[in-house]
1. Which one of the conditions (1) touching a Lys or Arg at 6+ places or on another chain (Cβ under 6 Å); (2) exposed (fewer than 14 other Cβ atoms within 10 Å of the Cβ); (3) not charged (D, E, K, R) does Thr35 fail to meet, given that it meets all the rest?
2. Criterion first (open to solvent by 60 Å² or more (accessible area, probe 1.4 Å) and within 10 Å of the chain's Cα centre (by Cα)) does Leu5 satisfy it?
Amino acid sequence: MHYKLAFIGFGNVARSLARLLMRKQTVLERDYGITFSVTGIGTGKHGFAVNPRGLDLNQALSLV
């Protein structure tokens, strides 16, 4: 099953969750059949980034 995720807020907790999801991506797919893409990130300070095909989480983490 593929999930499209959006982060409303991208502070410490959300960034930690993003890093955890990236680290566990292989395990989630192999053991549970779960894949995901982050299609939106919105913050009060940095604005919004939206892409229905998915955003690059590594790039988002380096920019914030």
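The values are calculated or read from the model by the stated rules, or taken from the named source; none is laboratory data. Everything quoted here is computed from the prediction, not taken from an experiment. Positions of Cβ are generated from backbone atoms using ideal geometry, with glycine treated the same way; all protein chains shown enter the neighbour counts. With ligands, DNA and RNA removed, areas are computed over all heavy atoms of the protein, side chains included. Shrake-Rupley method; radii C 1.70, N 1.55, O 1.52, S 1.80 Å.
1. Here Thr35 clears every test but (1).
2. no
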